[in-house]
Amino acid sequence: MVVILFLLAILGALIAPIFSVPRLLLFLPILFYKRPMFFLGLSIILIVNYMGGINVQGNFEFVGRVVQTNDNFSIVRGKIYYEEEWRNLNLSVGVYKEIPLGDIVYYYGDMTSRKLNYPKVILNKNRVMSSPYSLSIIRKVYLVTESFREELLKYSEVFYGLFGGKIKNNDYYNSGLYHFFSVSGMHVSLLFSFSLLFFSIFGIKRKIRNTISLVIPFVFIVGTGLNLPSLRAFIYLLALVILELLELKFSKLNVLCVVGITFLLLEPSLSYSLSFYMSFFSTFGILSVENKYLKPIAAFLGSAPYLSLFSSINIFSIVGSIIILLPVQAVLILLSLSFLFYLLNFHVLTHAFLYIALPFTKIIEAVSYIFSKLPYIPGSIYSYFFFSFLFFVFLLQFGQIPYILKSKFSKTNP
């Protein structure tokens with residue numbers, strides 16, 4: 001049922017630019033309070049739809065703080081001066097400029113909403129002024145990580161890409177393996193798993209171990225700019241840890257969908273972000289399949305429809321992903337250790353771990369080159385529907401859909 005609520009939230013957000021309900025209709029679900037699930041579903045779709053209808057048009061004074069940043073693009077949240085008072089702007093605004101996390105941004109000029117885009121508002125970067133907020137710990141972590149990335153680039157482009165940098169080698173794009181070099185939930189999960197293994201050596205109790213194991217992934221996502229896929233993965237892991245601490249039973253798939261609903265409630269225009277769909281539905285595919293050997297295929301098919309809208313699809317990339325998974329894990333672990341010693345100013349150990357990791361980069365480079373020469377399916381709207389159909393059939397055959405249908409049928413026909 002939570003999956004359906006997630007899909008309803010997406011639907012409400014998607015239609016918001018075309019039709020957004022008036023505020024009065026937000027009270028409509030009260031009429032159905034005796035039917036809890038209908039009440040909840042209607043509430044979510046109306047609230048997301050209403051929030052997604054917020055627009056700005058005109059010249060405004062804007063002050064905000066950078067909440068996400070990566071190569072040449074930043075996301076800012078803040079306030080606008082409207083009708084002689086400062087009001088919260090419940091929209092994310094974008095700037096085609098890399099501004100450190102936590103920096104204060106000031107802007108005065110045109111702010112016009114775009115209907116079918118994320119973010120809805122793009123600021124003219126030539127009119128943007130930014131100022132560092134020296135008390136921001138997040139900013140300091142980001143800047144230290146940025147300096148570490150510059151060191152990595154001296155060794156290998158693979159190091160740079162795996163630790164939040166943007167690489168431009170076409171071999172990684174054409175091989176279908178670029179998702180390894182775009183910070184994602186996979187990176188966060190690997191670092192969390194490594195942290196669990198590391199702290200288990202000291203015999204720390206499971207609940208405490210789970211909690212402190214979030215530290216390394218958190219530093220990583222902050223250092224790489226708090227981008228959407230890694231933030232989604234971290235919040236998902238955080239929710240799992242909290243639920244386990246409270247000793248509550250839960251379905252991981254339901255937790256993922258609740259996180260997705262929360263994201264859309266906070267920013268409905270994410271429904272027009274391909275990164276949002278690729279992140280959530282690749283994870284959705286993984287969690288929907290019990291067989292661990294089918295999980296890489298599920299992840300691929302979950303993101304393929306959306307990837308095909310702006311890129312060609314290398315269908316052999318599933319095999320390539322399996323081949324380089326272990327080398328990537330090894331490099332990420334060694335990079336994490338190197339970064340830890342970099343923070344402690346132990347430069348000899350910092351560079352030692354980077355040298356140890358170099359042979360693994362050669363494997364990753366070779367596999368990427370080989371698979372970049374293999375045939376691919378051109379990206380188009382037809383490819384989108386083709387891969388969407390494949391994903392649905394795959395879930396129908398190997399995922400949870402048959403079990404859900406079977407349980408419902410058994411209840412109605414005992």
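The values are calculated or read from the model by the stated rules, or taken from the named source; none is laboratory data. Predicted, not measured: the structure shown is a model, and the values here were computed from it. Positions of Cβ are generated from backbone atoms using ideal geometry, with glycine treated the same way; all protein chains shown enter the neighbour counts. The protein model used for the area step is the full one, side chains on, heavy atoms only, and it has no ligands, DNA or RNA in it. Shrake-Rupley method; radii C 1.70, N 1.55, O 1.52, S 1.80 Å.
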FRET efficiency for Lys292 and Glu84 from the Cβ-Cβ distance with R0 = 51 Å, rounded to 0.05, comes out at 0.30
What part of the accessible area of the chain, given as a whole %, is carbon or sulfur when the probe is 1.4 angstrom? 67 percent
About its Cα centre, how strong a charge dipole does the stretch 1-138 have in debye, to the nearest 20, once Lys and Arg get +1 and Asp and Glu get -1 at the Cβ? 420 debye
The stretch 1-53: Cα Rg divided by the 2.2 N^0.38 Å rule of thumb: 1.07
Can you check what the net charge comes to around Ile324, using other residues whose Cβ is under 12 Å from the Cβ of Ile324 (Lys, Arg +1; Asp, Glu -1)? 0
Hey, for a label at Leu40 modelled as a point 7 Å past Cα toward Cβ, could you say which residues of the stretch 1-34 have their backbone N under 17 Å away? 1-10, 29-34
Consider just the alpha-carbon atoms of the chain and return their Rg together with their Dmax, both in angstrom. 22.5, 69
Going down the table (Lys166/Lys362; Lys166/Lys252; Lys168/Lys295; Lys140/Lys205; Lys79/Lys140), which pairs top 20 Å between alpha carbons? Lys166/Lys252; Lys168/Lys295; Lys140/Lys205; Lys79/Lys140
When ligands, DNA and RNA are left out and all protein chains stay put, how many square angstrom of accessible area per residue does the stretch 1-53 have with a 1.4 Å probe? 60 Å²
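Can you tell me the FRET efficiency between Leu197 and Val144 if r is taken as the Cβ-Cβ distance and R0 is 22 Å, rounded to the nearest 0.05?
With R0 = 22 Å, the Cβ-Cβ based efficiency is 0.30.
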Per residue and in Å³, how big is the convex hull formed by the alpha-carbon atoms of the stretch 16-122? 130 Å³
Arrange the residues Phe398, Phe6 by how much accessible surface each exposes, largest first, with a 1.4 angstrom probe. Phe398, Phe6
With helices defined as uninterrupted DSSP H runs, which ones in the chain have an alpha carbon span along their own long axis of at least 30 Å and mean Kyte-Doolittle hydropathy of at least 0.5? 317-343, 347-372
Could you check the simple spin-label distance between Phe32 and Phe385, using points 7 Å along Cα→Cβ, in nm with one decimal? 3.0 nm
Contact order normalised by residue count of the stretch 57-135, Cα under 8 Å, 6+ apart, percent: 32 percent
15 Å beta-carbon shell around Val367, net charge (K/R +1, D/E -1): -1
Taking the simple approach of a point 7 Å from Cα along Cα-to-Cβ for both His351 and Glu98, what is their distance in nm? 2.4 nm
Determine the gain in length on full extension of the stretch Asn117-Arg23; use 0.36 nm per residue of separation and subtract their C-alpha separation, reporting nm with one decimal. 31.5 nm
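Calculate, for the stretch 179-219, the solvent-accessible area per residue in square angstrom, rolling a 1.4 angstrom probe over the heavy atoms of the protein chains.
I get 51 Å² per residue for the stretch 179-219.
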Cut-off 18 Å, label point 7 angstrom out along Cα-to-Cβ of Leu274: give me the residues of the stretch 163-193 whose amide nitrogen falls inside. 166-185
Out of residues 5 or more away from Gln68 or on other chains, whose amide H comes under 5 Å of its own, with H placed 1.01 Å from N in the peptide plane? Ile75
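At 10 °C and 1.306 mPa s, what whole-number value in µm²/s does Stokes-Einstein give for the translational diffusion of the stretch 227-312, with Rh from the Kirkwood sum over Cα pairs?
116 µm²/s
Tell me, what is the percent relative contact order of the stretch 140-398, built from C-alpha pairs under 8 Å that lie six or more residues apart?
It comes to 24 percent, rounded to a whole number.
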